Number of protein chains: 2
Amino acid sequence: MSFEDRLSEVGLNLRSSIIRELLKFAASPEAISFGGGVPDPNTFPRHQLAEIAKEVVEQDYSYTLQYGTTEGDDLLAVQIIKLLNRIYGIADVQRDQLLFTTGSQQALDLMARIFLDKDSICFLEFPAYLGAVSAFRMSFPRFETVPLEDDGMDVGYLENRLRELDAKGEIKKVKFLYTVPNFHNPASVTMSLEKRKKLIEICDRYDILILEDDPYGMLRFSGERLPSLYKLAGPDRVVLLNSFSKVLTPGLRIGMMVGHSSIIRRATMAKQAMDLCCPTLTQRIAARYLERHDLVEQLKPGIELYRGKKDTMIRALNEHFSEIKGAKWVDPEGGLFVWVTLPQGFDTIGMFDVAKAKNVYYIPGEAFSIEKTPSTSMRLSFCLPPEERIVEGVRRLKDVIAQYGREKGLM
Amino acid sequence: MSFEDRLSEVGLNLRSSIIRELLKFAASPEAISFGGGVPDPNTFPRHQLAEIAKEVVEQDYSYTLQYGTTEGDDLLAVQIIKLLNRIYGIADVQRDQLLFTTGSQQALDLMARIFLDKDSICFLEFPAYLGAVSAFRMSFPRFETVPLEDDGMDVGYLENRLRELDAKGEIKKVKFLYTVPNFHNPASVTMSLEKRKKLIEICDRYDILILEDDPYGMLRFSGERLPSLYKLAGPDRVVLLNSFSKVLTPGLRIGMMVGHSSIIRRATMAKQAMDLCCPTLTQRIAARYLERHDLVEQLKPGIELYRGKKDTMIRALNEHFSEIKGAKWVDPEGGLFVWVTLPQGFDTIGMFDVAKAKNVYYIPGEAFSIEKTPSTSMRLSFCLPPEERIVEGVRRLKDVIAQYGREKGLM
């Protein structure tokens, strides 16, 4: 029996993750996968977390095994407010400006639910973070994409589009603009300070809410830390999302939403109807961890690990890809990804079968487009494979490109 | 600054939980609260869970601290499939018929998202479980309510309404019927076997999907265990929800959805866009617990505890409420609640201020209506207060009723 005929519009329009489909075979031991943005388990402080897990179940059981509030653990909130001050220099976040979510993904879903209707307009960067697209899409808004440049969003393009929408009387339909300013997923670029200021100026002028997603910000390898949009413009203009997934562990599924109390209040009401609350256990584990350990210090070996892997990947690309005329790649200042663009004519989804045959996996650029636009680009994650596998994987990729290029008469 | 002017229809129509508002002051040490349906922390197997928590973080860290699949932990699935067979006699549940969710609440939200549109019709029992109403409401369906009787849903009423809808050509709009057959929240009644069979017969005739929610089924004090609707009619007719919140611990936030693989597949796709996955840690803790401990056996002292509390509450009601002419209450065969109905003229929400002054808390029946209908009923949870506080609380409630009744000229 099929239930397709009674599905809702949302139910009918769900799409299975292309990334998931592509990476089905990436788990075999011979495969080298630059696919998922999955952190290296060696960076997880498992001994400390194991001790804390035992302790908070044993001692705080009437909290950690019980229902919690929708807003989340107050002890964790105390720690996060301190951490926000430390990493962003935001000194004045109040408890009612903070909501804990199941990863940032739930915060994206919450933003969609409380702001987006069918006739709403939602701005995204292009290429786009797919998780955001899939969350927003369930409200069927109109997507507007702003191209990414080497120093972040093309703010001139954005300004023109907003001017046009304003002229057409549609500016009120723009509910928010979503951006990943640091070490973008997938484009790996970082928005310059000048563009951050310009973006805020434009959004102030047209009264556009900014949704700033910063899961990778603490993973900086080089260059100067830039102020967050939230730090520059405050909660009247910006909602800030962050997550422990890339800097502590994804397994706890702790995301957070920082913003104006009136937005957080609505998001909390929606979350209450969606799942009542996040697990109290995982939140209290994180709270105790932050009470006892200096996350910024603890993260340093992890940053070194990722920097080493990133350097290895860039060296391998320099060595093997330099002869591919027209190919280019971003050397990211942080994060988990390198965005590689091949010469015109290449189609990285078409090339995927060749890659599969050679047992090397990447995410084709098409996966980061809203309407499945063919793409010459691909995202390479360097976070999970060991360094020697990164070198070998890039070598395999070069062979893939050479074979596909020959087959298609591109090289 | 307010963001109200740019909220979506969902955002604008969110309602803050009336229960939450009512119970704000119920936490003071002098208060006796029959409010929340919160399990007694003494029933949580904290020592075993503490050991397991430590072990699975230490040893399974590359799973428990990492991202998981949207479907959830396969080891937990193995255990749940066994448990479903043991408690329901359902022998043939496949892995692709099972999805783990953040409590049952998320499963309710998933059902709403994949099935309900604005013109959909959704059947509920009256009084209704509020969590279901708040989840379903975000899709703005038309609610149809079926009155509850002492032996469950008034299936004759349901049959008439379906006949009328069929005559009006609206039967295809009915997306599902939601029911809590065992120890209903809040009405505390249990659907008889005869009615279960009749309900299925009616739903077969009109091709209505049944959403069966059974969080309390394992907490039976007396009477014979009745077959679940899922057991009687299978996945072509029924989606079964269950949860560990009332039988192990709510803090893990583990709910589950069992149904036809085509429904589970859609729900999984929606969940992926909503939060990617539940925490791997909490799922693996539950899996190891079920591998090593017999949940059914372990639950026995908890059932005895609740039975004792329920008996105490019923004795206290018999003693103190018998003189209130026209008052009646259900002596439930299991679960966590007693549903008390006062004589005509009483309004349990109007009476709440008197109760607050006397430091005793309950949930007024109005909270379980869809359009805030005044009610003579109230829900009393006996699960949390110790027995002597239950006796004292019922005594206070009698004083509340007497005072309110005198003030309103009802007694």
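Is one or more of the residues making up the range A:353-362 within 30 Å of A:Pro141 (Cα to Cα) and under 25 Å from the mean Cα position of the chain (by Cα)?
Checked against the condition, which is being within 30 Å of A:Pro141 (Cα to Cα) and under 25 Å from the mean Cα position of the chain (by Cα), the range A:353-362 yields at least one hit.
Which one of the conditions (1) out of contact with any strand residue (DSSP E or B) (no Cβ under 8 Å at 6 or more places or on another chain); (2) farther than 30 Å from A:Ala187 by Cβ does A:Ser8 fail to meet, given that it meets all the rest?
(1)
Looking at B:Arg284, B:Arg307, which one is assigned to a helix (DSSP H, G or I), charged (D, E, K, R) and buried (at least 18 other Cβ atoms within 10 Å of the Cβ)?
B:Arg284 is the lone residue from the list that is assigned to a helix (DSSP H, G or I), charged (D, E, K, R) and buried (at least 18 other Cβ atoms within 10 Å of the Cβ).
Take the conditions farther than 30 Å from B:Arg266 by Cα and under 26 Å from the mean Cα position of the chain (by Cα) and apply them to B:Leu14. Does it pass?
No; evaluated as a whole, the condition is false for this residue.
I'd like to verify a number: residues in the range A:83-100 that are touching a helix residue (DSSP H, G or I) at 6+ places or on another chain (Cβ under 8 Å) and under 16 Å from A:Asn242 (Cβ atoms), how many?
Matching residues across the range A:83-100 total 11.
So which of A:Ser377, A:Ser369, A:Ser381 ends up being of a type in the set (S, T, N, Q), under 20 Å from the mean Cα position of the chain (by Cα) and under 19 Å from A:Ser322 (Cβ atoms)?
Step by step, each of A:Ser377, A:Ser369, A:Ser381 is checked, and only A:Ser377 is of a type in the set (S, T, N, Q), under 20 Å from the mean Cα position of the chain (by Cα) and under 19 Å from A:Ser322 (Cβ atoms).
Considering every residue within the range A:220-234, establish whether at least one is in contact (Cβ under 8 Å) with a residue 40 or more places away in the chain, assigned to a helix (DSSP H, G or I) and in contact with a strand residue (DSSP E or B) (Cβ under 8 Å, 6 or more places away or on another chain).
Yes, the range A:220-234 contains at least one residue that is in contact (Cβ under 8 Å) with a residue 40 or more places away in the chain, assigned to a helix (DSSP H, G or I) and in contact with a strand residue (DSSP E or B) (Cβ under 8 Å, 6 or more places away or on another chain).
Return only the number of the condition from (1) touching a helix residue (DSSP H, G or I) at 6+ places or on another chain (Cβ under 8 Å); (2) more than 13 Å from chain B (Cβ to nearest Cβ) that A:Arg265 does not satisfy.
Condition not satisfied by A:Arg265: (2).
Between B:Val330, B:Val391, which is of a type outside the set (S, T, N, Q) and out of contact with any strand residue (DSSP E or B) (no Cβ under 8 Å at 6 or more places or on another chain)?
Exactly one of B:Val330, B:Val391 is of a type outside the set (S, T, N, Q) and out of contact with any strand residue (DSSP E or B) (no Cβ under 8 Å at 6 or more places or on another chain), namely B:Val391.
Which one is surrounded by the most Cβ atoms within 10 Å (Cβ to Cβ), of the residues in the range A:369-383 that are in contact with a strand residue (DSSP E or B) (Cβ under 7 Å, 6 or more places away or on another chain) and not polar (S, T, N, Q)?
Per the stated criteria, the residue is A:Met378.
Out of B:Arg379, B:Arg395, which single residue is part of a strand (DSSP E or B) and within 19 Å of B:Ile314 (Cα to Cα)?
Values: B:Arg395 fails: part of a strand (DSSP E or B).
The conditions single out B:Arg379.
Just to be sure before I move on: is A:Thr312 surrounded by 16 or more Cβ atoms within 10 Å (Cβ to Cβ) and either within 14 Å of another protein chain (Cβ to nearest Cβ) or not in a helix (DSSP H, G or I) (or both) in the structure I sent?
No, not satisfied.
Tell me, please, whether a residue that is of a type in the set (Val, Ile, Thr) and closer than 28 Å to B:Met378 by Cβ can be found in the range B:231-251.
Let us first name the residues in the range B:231-251 that are of a type in the set (Val, Ile, Thr), namely B:238-239, B:247, B:249.
Narrowing further to those that are closer than 28 Å to B:Met378 by Cβ: B:247, B:249.
Scanning the range B:231-251 turns up at least one residue that is of a type in the set (Val, Ile, Thr) and closer than 28 Å to B:Met378 by Cβ.
Just for the range B:271-281: of the residues that are surrounded by 24 or more Cβ atoms within 10 Å (Cβ to Cβ) and part of a helix (DSSP H, G or I), which one is farthest from the other protein chains (Cβ to nearest Cβ)?
The extreme case among them is B:Lys271.
With respect to A:Ser139, is the statement that it is at the interface with chain B (Cβ under 9 Å from one of its Cβ atoms), assigned to a loop (DSSP other than H, G, I, E, B) and at pLDDT 95 or above true?
Judged against the criteria, A:Ser139 is a match.
Checking the structure you have, find out if any residue of the range B:148-161 is touching a Lys or Arg at 6+ places or on another chain (Cβ under 8 Å) and of a type in the set (Val, Ile, Thr).
yes
From the list A:Arg86, A:Arg95, A:Arg46, A:Arg137, exactly one residue is closer than 30 Å to A:Met378 by Cβ and of a type in the set (D, E, K, R). Which is it? Please lay out each step first, then the result.
On the way: A:Arg86 fails: closer than 30 Å to A:Met378 by Cβ; A:Arg95 fails: closer than 30 Å to A:Met378 by Cβ; A:Arg46 fails: closer than 30 Å to A:Met378 by Cβ.
Every option except A:Arg137 fails the conditions.
The values are calculated or read from the model by the stated rules, or taken from the named source; none is laboratory data. Model, not experiment: these values are computed from the prediction. Positions of Cβ are generated from backbone atoms using ideal geometry, with glycine treated the same way; all protein chains shown enter the neighbour counts.
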